[in-house]
Amino acid sequence: MGSKKALTDAERAIYEWQIWVPDFGEEGQEILKGSSILISRCGGLGSVVAYELVAAGVGRLVLAHGGDVKPSDLNRQLVMTHDWIGKPRIESAVRRLRELNPHITIEGVGENVTDGNVEQLVAEVYLVVDCAPLFEERFLMNREAVRQGKPLIECAMYDLDAQITTIIPGKTPCLQCLYPEKPPVWKRQFPVFGAVSGTVGCLGAMEAIKVLTGLGEPLLDRFLVCNLRDMTFRTFNITRNPDCKICGGLT
Amino acid sequence: MKVTVEYSSQIRRIGGVSSETVELDTSCQVQELVKQLAGDHGESFRSLIIDSAGNLQSTILVFVNDKQISRDASVEVADNDMVHIIAPMAGG
């Protein structure tokens, strides 16, 4: 994916324990350093994706998240802090992530994904992790990632359930192969424990690392459904929809 | 023939049922089985799964065992099949 960038001695020391991972090694770390990722919204899910990717040493992270910090964000949005209530979420996110790892580039965009900014946001990165709470935003991101041929990690949760798949445009089902239309019942507000959104956030971050570095087997053509009430994790095989209005014409 | 149907997330929450096992005298199309069961757990549950024209909602995912079943595919359930009805989610 990204071009490899050589590590400094200080970076070797920081990432030493993950460089020990078989099939990853120093070359994998150099790829992460040369990579860039967009995270759409840093809520309960995206904040944990961001934490893990920042800690892992992805070279450049672009975060898109609008609005100000509210008290009701704080049970799960780990990059939002009590002292920042009423101030821009993106400032809290960037500040907290820079404290975690000052060696990487973190760019904050104080807007959610819209028709007007999605093309530019996706164009700036190698891969996107979609953590938006609305299907309108997810469909926009899916459309643009497919159009630009960028890998897209789709991770989502509700209550104690989570779903995740990895989209490679033209090779795997896209989001609208799965859901051709906006689901009629989805609501902006949903029940959520931070530990559930954080669980799928960690899975999403790992999928991003795997896609970028070739490590392991990402969830291509597979849909992981997690039930944290009874701790059942199932993987289903999914197929492209040849009539999909977003990716049906791609080969 | 015995078939188990499992419901996920919002469907499970609204219907108050996580799974049910049904006994069938003969095999049937999986879509027909889902439509039939959708009426057993209240109108809110039914409308999550079935659209106003009486078809499966396009946004509901149906799997038999681990294989995705498209809305217009002709697939019959078999003894001991596990059918999964999965609702969309976008929580972040």
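The values are calculated or read from the model by the stated rules, or taken from the named source; none is laboratory data. Fair warning: this is a prediction, and the values are worked out from it, not measured in the lab. Don't worry about glycine lacking a Cβ; one is built from the backbone with ideal geometry, like all the others, and counts go over all protein chains shown. We work out accessible area using only protein heavy atoms, side chains counted, and drop any ligands, DNA or RNA first. Shrake-Rupley method; radii C 1.70, N 1.55, O 1.52, S 1.80 Å.
Just to be sure I understand, how many residues within the stretch A:155-191 are of a type outside the set (Lys, Arg), open to solvent by 10 Å² or more (accessible area, probe 1.4 Å), assigned to a loop (DSSP other than H, G, I, E, B) and at the interface with chain B (Cβ under 10 Å from one of its Cβ atoms)?
9
Can you pull out every residue in the stretch A:123-154 that is in a strand (DSSP E or B), within 14 Å of chain B (Cβ to nearest Cβ) and more than 22 Å from residue A:248 (Cβ to Cβ)?
The one that is in a strand (DSSP E or B), within 14 Å of chain B (Cβ to nearest Cβ) and more than 22 Å from residue A:248 (Cβ to Cβ): A:129.
Could you list, in sequence order, the residues of the stretch A:160-191 that are at pLDDT 95 or above and farther than 26 Å from residue A:122 by Cβ?
A:160, A:161
Return yes when residue A:208 is small (Gly, Ala, Ser), assigned to a strand (DSSP E or B) and buried (at least 21 other Cβ atoms within 10 Å of the Cβ) and no when it is not.
Considered against the rule, which asks whether it is small (Gly, Ala, Ser), assigned to a strand (DSSP E or B) and buried (at least 21 other Cβ atoms within 10 Å of the Cβ), residue A:208 comes out as no.
Having 3 or more residues that are more than 14 Å from chain A (Cβ to nearest Cβ) is the bar; report the helices (runs of 4 or more DSSP H) wholly within the stretch B:1-86 that clear it.
Of the helices (runs of 4 or more DSSP H) lying wholly inside the stretch B:1-86, those with at least 3 residues that are more than 14 Å from chain A (Cβ to nearest Cβ) span B:30-38.
Would you please name the residue that is least open to solvent (accessible area, probe 1.4 Å), looking only at residues in the stretch A:5-54 that are of a type in the set (Lys, Arg) and in a helix (DSSP H, G or I)?
Top of the filtered list is A:33.
With without any contact (Cβ under 8 Å) to a residue 60 or more places away in the chain and within 27 Å of residue A:150 (Cβ to Cβ) as the only criterion, which of A:41, A:95, A:89 stands out?
Result of the check over A:41, A:95, A:89: A:89.
As an exercise: evaluate residue A:58 against (1) open to solvent by less than 70 Å² (accessible area, probe 1.4 Å); (2) assigned to a loop (DSSP other than H, G, I, E, B); (3) aliphatic (A, V, I, L, M); (4) within 14 Å of chain B (Cβ to nearest Cβ) and give the number of the one condition it does not meet.
(4)
Confirm whether residue A:203 is farther than 19 Å from residue A:171 by Cβ, of a type outside the set (Lys, Arg), in contact with a helix residue (DSSP H, G or I) (Cβ under 7 Å, 6 or more places away or on another chain) and open to solvent by 20 Å² or more (accessible area, probe 1.4 Å).
no
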